[in-house]
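J.: I'd like to ask you about the structure that follows.
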Amino acid sequence: MTNVVAEDLQDDEVSSLVEYLTALSGGQIIQHKKIVDITGLTNKKIKFLLHKFLYTRHLPGYGVLDTAGKFEIVRLKPEKKRKEQPETLSPTMLPESIGLGGIPRWGKPSDMIEWEGQPPPPPPPPKKERYKKQ
């Protein structure tokens, strides 16, 4: 006997799971609230049918966990991506060796270019060489 725990599914989805399994398999299926007992099927077949049920019911947010002959249908929660905010450096966070007057300097003053008016135009695209038959 194999147990399928479907606590993350709603009640109507659990009952439709039982109907789906009885329609597609020849095993004996008994429902106890959100736990379904299945006998007469291999674990491989049960796992296949559970995945197929989730696919046909358009439930992409759910997955099947197989733990020692017990299957669980769980809701997959993707980790929320944190928006990394750039840290603003306070004067106490700056090391003393950076620049003069607490202003950080990453390059030499000679490397800095001041733009006067418009920036220079982009370089022309390279010419393509054409090969002629000889």
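J.: What list of ³J(HN,Hα) couplings, whole Hz, do you get for the range 55-68 from phi and the Karplus terms 6.51, -1.76, 1.60, once you set θ to phi - 60° and write x for glycine and proline?
T.: Couplings: 5, 6, 8, 6, 10, x, x, 10, x, 10, 9, 10, 10, 6 Hz.
J.: Residues with beta-carbon under 15 Å from that of LYS44, excluding LYS44: net charge, scoring Lys, Arg +1 and Asp, Glu -1?
T.: +3
J.: Length gain on complete extension for the stretch SER25 to LYS127, per 0.36 nm per residue less the alpha carbon to alpha carbon distance?
T.: Going from the current span to full extension adds 29.9 nm.
Read-outs throughout are calculated quantities, based only on the coordinates presented, and are distinct from any laboratory measurement. This structure is a prediction, so every number in the text was calculated from the model and none was measured. Counting neighbours? That spans all protein chains shown, and the Cβs are built from the backbone with ideal geometry, glycine included.
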